[in-house]
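These notes concern the structure reproduced below.
Every number in this text was worked out from the coordinates using simple rules, so none of it is lab data. Keep in mind it's a predicted model, so treat the numbers as computed, not measured. As a convention, Cβ positions derive from the backbone with ideal geometry for all residues, glycine included, and neighbour counts pool all protein chains shown.
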Amino acid sequence: MTAVSVHNRDSYVVGVDFGTLSARALVVRVTDGAQAGTAIHEYAHQVMDSELAATSEPLPPDWALQDPEDYRDALRSTVPAAIRDAGIAPEQVIGIATDFTASTVLPVLADGTPLCQLPGLAGNKHAYVKLWKHHAAQPHADRINELARERGEPWLPRYGGKISAEWQFAKALQLLDEDPGLYQRAERWIEAADWIIWQLTGTETRNACTAGYKGIRQDGSYPSRGFLAALDPRFTDFAKDKLEHPVTRLGSKVGSLTAQAASWTGLPEGIAVAVGNVDAHVTAPAAGCIGPGQMVAITGTSTCHVMNADTLAEVPGMCGVVDGGIIAGLWGYEAGQSGVGDIFAAAVASGVPASYFEEAKHRGVSVHDVLSEQAAQRPAGAHGLIALDWQNGNRSVLVDAHLSGAIVGLTLASTAPDIYRALIEATAFGTRVIIEAFGSSGVPVGELIMAGGLLKNELFMQVYADVTRRPLSVIGTDQGPALGSAIHAAVAAGAYADVPAAAAAMGTVRRDVYVPDPASADVYDELYAEYVRLHDYFGRGGNEVMHRLRDLRDRVLADLQQKGETQ
């Protein structure tokens, strides 16, 4: 594959990665992917999961909201700063592309105005963005799954037999149930990945990635009106009225940067803007790993596992398989873990003695570094612990947001580094479950490529190599999603014929950086067997204690909230 046009070495593109807590812009040279400048912007409202910022109203359990104005602020801040950091003239930029967490959805008017920005609605929690980690729609996902199984809906196996509480339909059904008036006012129900492109171009679009994985769109159609009517007669025309729109192939040019967006970003009006995409899925071409059998694990607050194949298969518990969902012409598969980095952060915030923080401060390092170093000093299995990595629910392969974490084997001698290591190992075991599910379903994983923010933790990486018994390749940048977006921007701008051609020129990967240690791998085989027993016992109906505990918690908190007490 060759470039369709040759830009000189002074041509650049911009990729903007909208993450959970911040957005990052990256300026990249078109010819070779050299990264010239970057900037980051922390969202002013971060994640609203305890109270609504506008009113301080307490939010119910499992809610996670964002303010869409934070996304526009990020454009205003990061892009001009990244251009300055690169030391180039804005006129050298020929295209821009963005990626987003998903499913991150918001209700808007037909002109794209978010409902939370309408008069009188700033205090309505349902008018805001529901972030990917908003899990309060689990009962609605359960209803969708039960009905789909009863009716034998043909799309359900394409999602491993269950759709997630994180996705568009479950969150929309929650809105309908809990605030039908606001549901009616919402003229569009749109992924933030598509909404931000609307802001840049003035053109409403739907991208093939979020439409397929998060919008249950298969073979050119959303779930039927008959299915939606059976869920709730008021939901009959949900897809037709609020979702239906031509779906655009990834890497395509949606339109041109408007004058208003040019004023936000400092970029030239009229440059190419690529269709939106998802942070995990754009990382695959950034790692130069888009061939069949190459799985990319994008680690961060959560982990997403994506890979391409030239065959269609049904993998139990996967997030989905979508034609052209990652690269046009191949079937794109997705799986994931709802909590990884978030689990480590929560453990540090709630259960690590002050002495570890004092040592970290004295040495000028992160407390995570201190814990990892001490945990690595003992061999695999020495802590006598096994954990379940479900503190934020389970995305794959159980698809249950209401599962919770567990640690077995605690004694009075257990230390913070012991627990920290056990949690790392648990997330690695969760990844092994996913890899084995794909392999047993006829989609073997030939190479595992790691990307994301946790690559800097050597203990984390070595544990993953040992647990999976395979060498790990590593993306050659710490800004995988932003680089992936830049690759799509180059294609949209006409610099390359397609995404594979751009990825070959601009992507970067280091092969076999971590190799498994045979002795540790043997120990981890034993621990993995115990993990699977606990996984199936608590996750497949052997004991519903996790659900019962959550139900009890929710009842108690709801009673407190009704009485006007704080959570």
#### Entry: Partner aspartates and glutamates for residue 133 [C-alpha distance under 16 Å; skip if fewer than 8 residues away on the same chain]
49, 51, 62, 67, 166, 191, 279, 342, 389, 400
### Query
Amide H neighbours of residue 401 under 5 Å, counting only residues 5+ apart in sequence or on other chains, H built in-plane at 1.01 Å?
165, 394
### Query
Most exposed first by the Cβ proxy, i.e. fewest other Cβ within 10 Å, how do 116, 304, 209 rank?
116, 304, 209
### Task
Calculate how many DSSP beta bridges within the chain are antiparallel, expressed in % of all such bridges and rounded to the nearest 5.
70
### Query
Kirkwood hydrodynamic radius of region 457-567 from all distinct Cα pairs, in Å?
18.9
### Task
Report the percentage of all Cα-Cα pairs in the chain whose separation exceeds 35 Å, rounded to a whole percent.
35
### Message
Going by amide H atoms built from the backbone, whose H comes under 5 Å of the H on residue 187, apart from near neighbours?
### Response
108, 109, 110
## Note on the structure
For region 27-67, the charge dipole (Cβ of Lys, Arg +1; Cβ of Asp, Glu -1; about the Cα centre) points to a positive end, and the Cα of 30, 54, 64 closest to that extreme belongs to 30
### Query
Ordered by residue, what ³J(HN,Hα) values in Hz, to whole numbers, does region 435-441 give under the Karplus form 6.51 cos²θ - 1.76 cosθ + 1.60, where θ = phi - 60° and Gly and Pro are x?
4, 5, 4, 5, x, 6, 9
### Task
Could you pull out every residue, at least 5 positions away or on a different chain, whose amide H is within less than 5 Å of the one on residue 509? Hs are placed 1.01 Å off N in the peptide plane, and Pro or chain starts have none.
476
#### Entry: Per-residue HN-Hα couplings for region 53-63 [Karplus 6.51, -1.76, 1.60; θ = phi - 60°; Hz; x = Gly/Pro]
4, 5, 10, 6, 5, x, 9, x, x, 6, 8
### Task
Could you list, in their original order, any pairs among 214/563; 171/361; 125/240 whose Cα atoms are separated by more than 30 Å?
214/563; 171/361
### Cβ-based net charge around residue 41, under 10 Å, with every Lys or Arg adding one and every Asp or Glu removing one
-1
## Note on the structure
Phi-derived 3J(HN,Hα) across region 94-103 with the Karplus relation (6.51, -1.76, 1.60, θ = phi - 60°), rounded Hz, x for Gly and Pro, is 10, x, 9, 9, 9, 9, 9, 5, 7, 8
### Query
What dipole magnitude, in Debye to the nearest 20, does the chain give about its Cα centre under +1 on Lys/Arg Cβ and -1 on Asp/Glu Cβ?
520
### Query
Which one of 105, 422, 497 has its Cα pushed farthest toward the positive end of the charge dipole of the chain, where Lys and Arg give +1 and Asp and Glu give -1 at the Cβ?
497
### Query
Shape call for region 137-244 from the C-alpha gyration tensor, a ≥ b ≥ c root eigenvalues: rounded (a/c under 1.5), prolate (a/b greater than b/c) or oblate?
oblate
### Query
Just in region 205-290: which trypsin sites (Lys or Arg not before Pro) are loop by DSSP and have at most 14 other Cβ atoms within 10 Å?
249
